[in-house]
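S.K.: Attaching a single structure in structure tokens format; questions to follow.
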């Protein structure tokens, strides 16, 4: 059995871009003290010239200019530190969003000679069972995209349903069963062209009759082994095609 080859090229680019381009976070931070000092010098010069024009003694002009430059230095430093900390927070948030977007999918691929592999979205928890399930699907020659981000993944599939051949959805990923049912009902209404195979550890047995058509075409009880997975895939395809053929026939008979 060939090992997984998890596609993390985008993650590696994000993680290693600073090294590739010689970027160092600490060295890139501006020298706030030096900037504040340079900003306070013009203030001292202006105050000194104003004091001389006002015919103030040089000693008094120097003292007042020095005090003014200190005040300007600390004000500029405080403002610079505030702005810099705000920028760091914003950059951190943007980096988190970008990284989170990249990490939605785990792409498992394997070289095979299957002529028409299925593009399968596996929505399930991270764990050994999910990896074994993905491994079994790979053995059958399919492409597997695994994620635990339920809502975001379903929205992506709904946006481009023509790119997906099957959704394998683990009901155990949803803490509230009613919420999970609502999510699947909505998905089925928005993406009727995508077959759905359900997984669950709470059902008593595999269900291949298709009477849960409103949320899925077939159901497998967890844990799933390879031979039962194959039966589940066949049942999913059969029920999906049967339903759509019946729907088509009804439209023809009752235009």
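The values are calculated or read from the model by the stated rules, or taken from the named source; none is laboratory data. Predicted model, so just to flag it, every value in this text is computed and none were measured. Glycine also receives a Cβ, built like all others from the backbone with ideal geometry; neighbour counts cover every protein chain displayed.
S.K.: In the list 187, 169, which residue meets the criterion of being in the same structural domain as residue 119 (by TED's automatic domain parsing), at pLDDT 95 or above and part of a helix (DSSP H, G or I)?
M.R.: On the way: 169 fails: part of a helix (DSSP H, G or I).
Only one candidate qualifies: 187.
S.K.: Pick from 237, 216: which is part of a helix (DSSP H, G or I) and modelled with pLDDT of 90 or more?
M.R.: Among 237, 216, only 237 is part of a helix (DSSP H, G or I) and modelled with pLDDT of 90 or more.
S.K.: Of the residues that sit in the stretch 195-238 and are within 14 Å of residue 167 (Cβ to Cβ) and in contact (Cβ under 8 Å) with a residue 40 or more places away in the chain, which one is surrounded by the fewest Cβ atoms within 10 Å (Cβ to Cβ)?
M.R.: The selected residue is 237.
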